[in-house]
1. Could you tell me which of the residues Glu58, Glu92 is of a type in the set (Asp, Glu), under 16 Å from Gly13 (Cα atoms), out of contact with any Asp or Glu (no Cβ under 7 Å at 6 or more places or on another chain) and surrounded by 12 or more Cβ atoms within 10 Å (Cβ to Cβ)?
2. Quick one: count up the residues across the range 81-106 that are in a helix (DSSP H, G or I) and under 24 Å from His29 (Cα atoms).
3. Consider Ala84 carefully, then state whether it is of a type in the set (Gly, Ala, Ser), at pLDDT 90 or above and loosely packed, with under 11 Cβ neighbours inside 10 Å.
4. Have a look at Gly61, Gly43, Gly13, Gly26 and point out the one that is out of contact with any helix residue (DSSP H, G or I) (no Cβ under 7 Å at 6 or more places or on another chain), in a loop (DSSP other than H, G, I, E, B) and without any contact (Cβ under 8 Å) to a residue 60 or more places away in the chain.
5. Looking at (1) surrounded by 12 or more Cβ atoms within 10 Å (Cβ to Cβ); (2) within 16 Å of the chain's Cα centre (by Cα), which is the one condition that is false for Gln44?
6. Looking at the range 64-78 only, could you name the residues that are within 17 Å of Tyr31 (Cβ to Cβ), part of a strand (DSSP E or B) and free of Cβ contacts under 8 Å to residues at least 40 places away in the same chain?
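The values are calculated or read from the model by the stated rules, or taken from the named source; none is laboratory data. Computed from a predicted model, the values in this text were never measured in an experiment. All Cβ positions, glycine included, derive from the backbone under ideal geometry; neighbour counts span all protein chains shown.
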Amino acid sequence: MVEPDPAGGWLRGALELAVLAVLSEGDRHGYALAQRLAEHEVGQVKGGALYPVLGRLEAAGAVAADWQPGEGGPGRKVYAITPAGRGRLAAERVQWRAFATAFDRMLTVSAKGAPDGRD
């Protein structure tokens, strides 16, 4: 039996924030965005998960997309974070840090209280 990958679920829940963070580094097309997320060691993000997130962020005004000609191939849609997206990223960074701190505290307390001493 294959064990579920909990990190996959966590990444899905935080993918919009991760995409905004990567786009704050610079404009990217989808494949380059997925590669950069992998470089940050958050896991492999497939197009079936990434492109709907980009669409939602674009619809919300957090991301702008522009078609750019390809070099010897088809054009690519390049995504850029907008000023509204930068504001959202800043606000969500604060919320994420508070969440991560609280979650870490809970895991530390629960590990100390484990009856078998395992964490």
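1. Details: Glu58 fails: under 16 Å from Gly13 (Cα atoms).
From the options Glu58, Glu92, the qualifying one is Glu92.
2. Residues of the range 81-106 in a helix (DSSP H, G or I): 83-106.
Next, from what is left, pick out any that are under 24 Å from His29 (Cα atoms): 83-90, 92-93.
Going through the range 81-106 one residue at a time, the tally reaches 10.
3. Values: of a type in the set (Gly, Ala, Ser): yes; at pLDDT 90 or above: yes; loosely packed, with under 11 Cβ neighbours inside 10 Å: no.
No; evaluated as a whole, the condition is false for this residue.
4. Values: Gly61 fails: out of contact with any helix residue (DSSP H, G or I) (no Cβ under 7 Å at 6 or more places or on another chain); Gly43 fails: out of contact with any helix residue (DSSP H, G or I) (no Cβ under 7 Å at 6 or more places or on another chain); Gly13 fails: in a loop (DSSP other than H, G, I, E, B).
Among Gly61, Gly43, Gly13, Gly26, only Gly26 is out of contact with any helix residue (DSSP H, G or I) (no Cβ under 7 Å at 6 or more places or on another chain), in a loop (DSSP other than H, G, I, E, B) and without any contact (Cβ under 8 Å) to a residue 60 or more places away in the chain.
5. For Gln44, the failing item is (1).
6. Once the filter is applied, which keeps residues that are within 17 Å of Tyr31 (Cβ to Cβ), part of a strand (DSSP E or B) and free of Cβ contacts under 8 Å to residues at least 40 places away in the same chain, the range 64-78 yields Ala65, Asp66, Trp67, Gln68.
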